[in-house]
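Following: one structure in structure tokens, then a few remarks.
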Amino acid sequence: MDKIQKFLLKLSAKEREVILGLLEKIVTNKWENEDYVKIQWHKNMYRIRKWQIRIVFSIEWSTVSVINIDYRGSVYKEL
């Protein structure tokens with residue numbers, strides 16, 4: 001089991017439902033209405049913020065890759 005799956009299992013049912021909904025929006029490229037910001041020190045990386053949780057993902061051509069999902073204090077440590 002990878003780190004993202006472990007993090008999702010630790011969340012409450014409501015939080016998990018919201019985060020999975022955000023992941024679905026990211027995969028289908030409907031994330032423009034969310035609170036997103038381009039990460040300055042990386043070329044094609046973005047983050048979406050929901051409560052204290054951050055979703056970091058990258059877009060290369062038409063491929064979307066979720067890099068990390070974690071709380072705001074530790075999400076950027078592995079980038």
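The values are calculated or read from the model by the stated rules, or taken from the named source; none is laboratory data. Nothing here was measured: the structure is a model prediction, and the numbers come from that model. In this analysis, Cβ positions are derived from the backbone assuming ideal geometry, glycine residues included, and neighbour counts consider all displayed protein chains.
Residues to consider are ARG54, ARG16, ARG47; find the one that is among the basic types (Lys, Arg) and in contact with a helix residue (DSSP H, G or I) (Cβ under 7 Å, 6 or more places away or on another chain).
Details: ARG54 fails: in contact with a helix residue (DSSP H, G or I) (Cβ under 7 Å, 6 or more places away or on another chain); ARG47 fails: in contact with a helix residue (DSSP H, G or I) (Cβ under 7 Å, 6 or more places away or on another chain).
Going through ARG54, ARG16, ARG47 in turn, just one is among the basic types (Lys, Arg) and in contact with a helix residue (DSSP H, G or I) (Cβ under 7 Å, 6 or more places away or on another chain): ARG16.
Report every pair of residues separated by at least 6 positions or lying on different chains whose Cβ atoms are under 9 Å apart, first residue within the range 27-46 and in contact (Cβ under 8 Å) with a residue 24 or more places away in the chain, second exposed (fewer than 12 other Cβ atoms within 10 Å of the Cβ) and not small (Gly, Ala, Ser).
Within 9 Å, the pairs are MET45/LYS38.
Name the single residue that is nearest to ASP2 (Cα to Cα) among those in the range 60-76 being in a strand (DSSP E or B) and out of contact with any strand residue (DSSP E or B) (no Cβ under 7 Å at 6 or more places or on another chain).
Let us first name the residues in the range 60-76 that are in a strand (DSSP E or B), namely 60, 63-71.
Remaining after also requiring out of contact with any strand residue (DSSP E or B) (no Cβ under 7 Å at 6 or more places or on another chain): 60, 63.
On the way: GLU60: 22, THR63: 20 Å.
Only one residue fits best here, namely THR63.
Restricting to the range 40-56, name every residue that is modelled with pLDDT of 80 or more and either assigned to a loop (DSSP other than H, G, I, E, B) or within 22 Å of SER12 (Cα to Cα) (or both).
Filtering the range 40-56 for residues modelled with pLDDT of 80 or more gives 44-56.
Answer for the range 40-56, where residues must be modelled with pLDDT of 80 or more and either assigned to a loop (DSSP other than H, G, I, E, B) or within 22 Å of SER12 (Cα to Cα) (or both): ASN44, ARG47, ILE48, ARG49, LYS50, TRP51, GLN52, ILE53, ARG54, ILE55, VAL56.
State yes or no: is VAL37 of a type in the set (A, V, I, L, M), under 18 Å from GLU17 (Cβ atoms) and modelled with pLDDT under 80? Talk me through it step by step, then tell me what you get.
Values: of a type in the set (A, V, I, L, M): yes; under 18 Å from GLU17 (Cβ atoms): no; modelled with pLDDT under 80: yes.
It is false that VAL37 is of a type in the set (A, V, I, L, M), under 18 Å from GLU17 (Cβ atoms) and modelled with pLDDT under 80.
Of all residues in the range 1-16, count the ones that are surrounded by 11 or more Cβ atoms within 10 Å (Cβ to Cβ) and out of contact with any Lys or Arg (no Cβ under 6 Å at 6 or more places or on another chain). It would help to see each step written out before you state the result.
Filtering the range 1-16 down to residues surrounded by 11 or more Cβ atoms within 10 Å (Cβ to Cβ) leaves 3-4, 7-8, 11, 15-16.
Among the residues that remain, those that are also out of contact with any Lys or Arg (no Cβ under 6 Å at 6 or more places or on another chain) are: 3-4, 7, 11, 15-16.
Counting residues in the range 1-16 that are surrounded by 11 or more Cβ atoms within 10 Å (Cβ to Cβ) and out of contact with any Lys or Arg (no Cβ under 6 Å at 6 or more places or on another chain) gives 6.
Do you know which residues across the range 6-39 are under 20 Å from GLY73 (Cβ atoms) and either in a helix (DSSP H, G or I) or charged (D, E, K, R) (or both)? Let's see the steps before the verdict.
Of all residues in the range 6-39, those under 20 Å from GLY73 (Cβ atoms) come to 6-12, 15-16, 18-19, 22, 35-37, 39.
Answer for the range 6-39, where residues must be under 20 Å from GLY73 (Cβ atoms) and either in a helix (DSSP H, G or I) or charged (D, E, K, R) (or both): LYS6, PHE7, LEU8, LEU9, LYS10, GLU15, ARG16, VAL18, ILE19, LEU22, ASP35.
Out of all the residues in the range 38-74, which are loosely packed, with under 10 Cβ neighbours inside 10 Å and among the small types (Gly, Ala, Ser)?
SER62, GLY73
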